[in-house]
Amino acid sequence: MSKKAIETLLQEERVFCPPESFRSSAHVQSDRVYEEAKKDFEGFWASTAESLHWFKRWEKVLEWTPPFAKWFLGGKINACYNCVDRHISSWRRNKAAIIWEGEPGENQVLTYYDLYRKVSKFANVLKSLGVKKGDRVTIYLPMIPEMVISVLACARIGAPHSVVFGGFSAESLCDRINDAQAKVLITADGGFRRGNVVNLKYNADKALQNCPTVKNVVVVHRGVMNATRVPMTSGRDVWWHQLMENAPLYCQPEEMDAEDILYILHTSGTTGKPKGVVHTTGGYMVGTYITTKWVFDLKDEDVYWCTADIGWVTGHSYIIYGPLANGATVVMYEGAPNYPDKDRFWTIVEKYGVTILYTAPTAIRAFMKWGDEYPKRHDLSSLRLLGTVGEPINPEAWMWYYQNIGGGRCPVVDTWWQTETGMILITPLPGVTSLRPGSATRPFPGIEAEVVDEAGKPTDGGYLVLTRPWPAMLRTIYGDPQRYVEQYWKRFPGVYFTGDGCKKGEDGYFWLLGRVDDVMSVAGHRMSTMEVESALVDHPAVAEAAVIGKSHEIKGQAIAAFVTLKSSFKGSVEMVQKLREHVAQKIGPIARPDDIFFAHELPKTRSGKIMRRLLRDIAEGRALGDTTTLADPSVMAMLKQKYEEKYEA
């Protein structure tokens, strides 16, 4: 074993075995699947692919010329057909596909047959606007049923979709439209968020001043304003409902090559210029189908709710493609978790009898901060499985979720994956995996991952890499194949560099430590910010914490922590001392924060990830970097002012 690239200091000893009642009816009841997939890698993925509908079976499972992969070569498939058409010839025809609730409280249920008809009609609408196979379509909508219909209609006719999160600015929208060179934009008059109107059409009009490729704009009337007040540009803008009125009921699905582009999704995360990640059709559908089925142990009777926005990859893979390919009943909610009160999620779980809940650690930490009384108002006994996605989860947030939401009876699947991976890669299988709070446990069957040091040699604390291709992997960066090679494959030739720090236990479990950009070097020790954050959140007063390394003339870097306390606690000099000592006791004196700064809110992207680089900018006294992806830019202004007042004083 080589020298650690990142020190692993925090230890977690709690273990939760699968309940026998869960294991006995799970899709996967034996861990033999791991060995079987390893023994016959291509055979495992080929047998999985047999579960989907193919117009023409593939001739070759994998062609791997690092770093470029092709899966299911020669196969012909359609993603929309697999999500909709194949269900309407079975009893699922009248099963609920989408249960939708708007933030103001209205709801709508679409059966698989409803979805089939609406998708077919809108696919014909796109064709009537001149959209052909290969043309890109940008979708800028709130979380309404038309979002799912638009995505599937694009897939039906072979037009790659590029979904832009409805919270993004006109400038961000403009950049993404131009990068994809979209022919059509689908948007709405607006949407609702925390009781406020998000004026999407205004942003779209502003963006389109600099988007020459867009010929038509289809506008959904969400009803945030009277239709007569919505600005419509003659010859360009057309109403969704008017186009749908006379559209033909049937649209033949395109037979897509397995390697044809399904979609482009731009990712910026917490660093750098947005990249257009390209996902193709066959391998992506295989990967999302089987991970949805096995990771969530999805059954026909389940009511499944992934709380993500379809503007993110989680919504693509685990609201639309994976669940619908499995014939699931999927809950969709438009708005915020705290509107009109902080129990909105639990109201929805109780109202629709949700059985599987998949949400983000940042949401769980917000629920912790708000207090146990909100979930206690509701009957959450319908839940049988919980999941987390988006970033590593602190052990104490995991325990809170397990006890307060799952009642101590629901397995928690802590999943690791990325926009680029397309599918879940490291995860428990709930019927066989013993769970450890804070660990994503093991790579999914058929996935090969390793933790390596700076030289690419295996170690127990270092960089997470993927050593074998997988079906749903990104194929390139749209329009920039060189960036694809340099960003993901150059650091460790022949293997995919995830950009994440990780530790690997003797039991083979993986513990994600966050982005390698978030590793601190303190007096010669390389430590993950995530471990110090977990130690802080372990204290009963702390709801959330963000830790950074800032320049120190002796130690190289000093640890600075930005901490949000639970509502019943107050920040004070005494609290600072208690937290510093708590971290020292939990991890060791080397991890004791030099500075602790109390903050009511932390700066986050619109997907809920903490933007530590902006906190570093504040701590180092630098001009703030790009803030366009911030959910609430005012948080940074307030933090900067308070930080400067405290430390200049």
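Extents of the range 490-649, largest first, come to 50, 38, 34 Å (Cα atoms, principal axes, whole angstrom).
What separates the Cα centres of the range 144-186 and the range 467-483 is a distance of 21 Å. Only helices enter the 222 nm calculation for the chain: every DSSP H run of n ≥ 4 contributes -39,500 (n - 2.57), and dividing by all residues gives -8000 deg cm²/dmol, rounded to 500. Here the Karplus relation 6.51 cos²θ - 1.76 cosθ + 1.60, evaluated at θ = phi - 60°, turns the backbone of the range 598-615 into coupling constants of 8, 9, 5, 9, 10, x, 9, 6, 5, 8, x, 7, 6, 8, 5, 5, 6, 5 Hz, with x for every Gly and Pro. Per-residue 3J(HN,Hα) values for the range 128-134, derived from phi via the Karplus relation 6.51 cos²θ - 1.76 cosθ + 1.60 with θ = phi - 60°, read 5, 8, x, 6, 10, 3, x Hz in sequence order (x marks Gly and Pro). Would the range 54-163 count as rounded, prolate or oblate if I go by the C-alpha gyration tensor, calling it rounded below 1.5 in a/c and otherwise prolate when a/b exceeds b/c, oblate otherwise? Judged from the Cα gyration tensor, the range 54-163 comes out prolate (a/c at least 1.5, a/b above b/c). For the residue pairs K76/K609; K206/K604; K118/K299, the alpha carbons lie more than 28 Å apart in K76/K609. Annotation: amide H of Y339 within the under-5 Å range of R344, sequence separation 5 or more or interchain, hydrogens built in the peptide plane.
3J(HN,Hα) along the range 200-213, derived from phi through the Karplus expression 6.51 cos²θ - 1.76 cosθ + 1.60 where θ = phi - 60°, amounts to 5, 5, 4, 4, 4, 4, 5, 4, 5, 4, 10, 10, x, 7 Hz, with x in place of Gly and Pro.
Of the trypsin sites (Lys or Arg not before Pro) found in the range 538-578, the ones in coil according to DSSP and having at most 11 other Cβ atoms within 10 Å of their Cβ are K570.
Taking Cβ atoms as reference points and 12 Å as the exclusive limit, the residues near E103 contribute a net charge of +1, counting Lys and Arg as +1 and Asp and Glu as -1.
With the cut-off at 1.5 for a/c, could you classify the range 258-351 from its C-alpha gyration tensor as rounded, prolate or oblate? Oblate. Spatial offset of the range 344-369 relative to the range 128-143 amounts to 32 Å, using the alpha carbon center of each. Loop-located GluC sites (Glu not before Pro) in the range 269-350 (DSSP state other than H, G, I, E, B) with a sparse environment of at most 12 neighbouring Cβ atoms within 10 Å: E301.
Once you have the Kirkwood Rh of the chain from its Cα pairs, apply Stokes-Einstein at 10 °C and 1.306 mPa s and quote D in µm²/s.
Working: Rh = 25.3 Å.
After rounding, the answer is 63 µm²/s.
Restricting attention to the chain, close to 60% of DSSP beta bridges with both partner residues there are antiparallel. Put simply, the amide H of A543, placed in the peptide plane, has neighbours under 5 Å in T564, L565, K566, leaving out anything fewer than 5 places away on its chain.
Rounded to the nearest 20 debye, the dipole magnitude of the range 341-386 is 120 debye, with +1 charges on Lys and Arg beta carbons, -1 on Asp and Glu beta carbons, and the Cα centre as origin. Other residues with beta-carbon under 15 Å from the beta-carbon of Y352 carry, at +1 per Lys or Arg and -1 per Asp or Glu, a net charge of -4. Each part gets one Cα centre, and for the range 296-322 versus the range 545-586 those centres are 36 Å apart.
Annotation for the range 392-436: chymotrypsin sites (Phe, Trp or Tyr not before Pro) lying in DSSP loop with at most 15 further Cβ atoms inside 10 Å of their Cβ do not exist. For the range 89-137, just say rounded, prolate or oblate: build the C-alpha gyration tensor, square-root its eigenvalues into a ≥ b ≥ c, call rounded for a/c under 1.5, and beyond that prolate if a/b exceeds b/c, oblate if not. Because a/c hits 1.5 or more and a/b fails to exceed b/c, the range 89-137 counts as oblate. Ligands, DNA and RNA excluded, the heavy atoms of H378 present near 40 Å² of accessible surface to a 1.4 Å solvent probe. Under a 5 Å amide H cut-off, with hydrogens placed 1.01 Å from N, I596 pairs with A561 among residues at least 5 apart or on other chains. Largest to smallest in accessible area, the residues H582, H600 fall in the order H600, H582 (1.4 Å probe, all protein chains included). Neighbours of K56, meaning other residues whose beta-carbon lies under 10 angstrom from its beta-carbon, give a summed charge of -1 when Lys and Arg score +1 and Asp and Glu score -1.
The values are calculated or read from the model by the stated rules, or taken from the named source; none is laboratory data. If you're wondering where the values come from, they're calculated on a predicted model, not measured in any experiment. We place every Cβ from the backbone using ideal geometry, glycine too, and count neighbours over all the protein chains shown. The accessibility values were calculated without ligands, DNA or RNA, using every heavy atom of the protein model including side chains. Shrake-Rupley method; radii C 1.70, N 1.55, O 1.52, S 1.80 Å.
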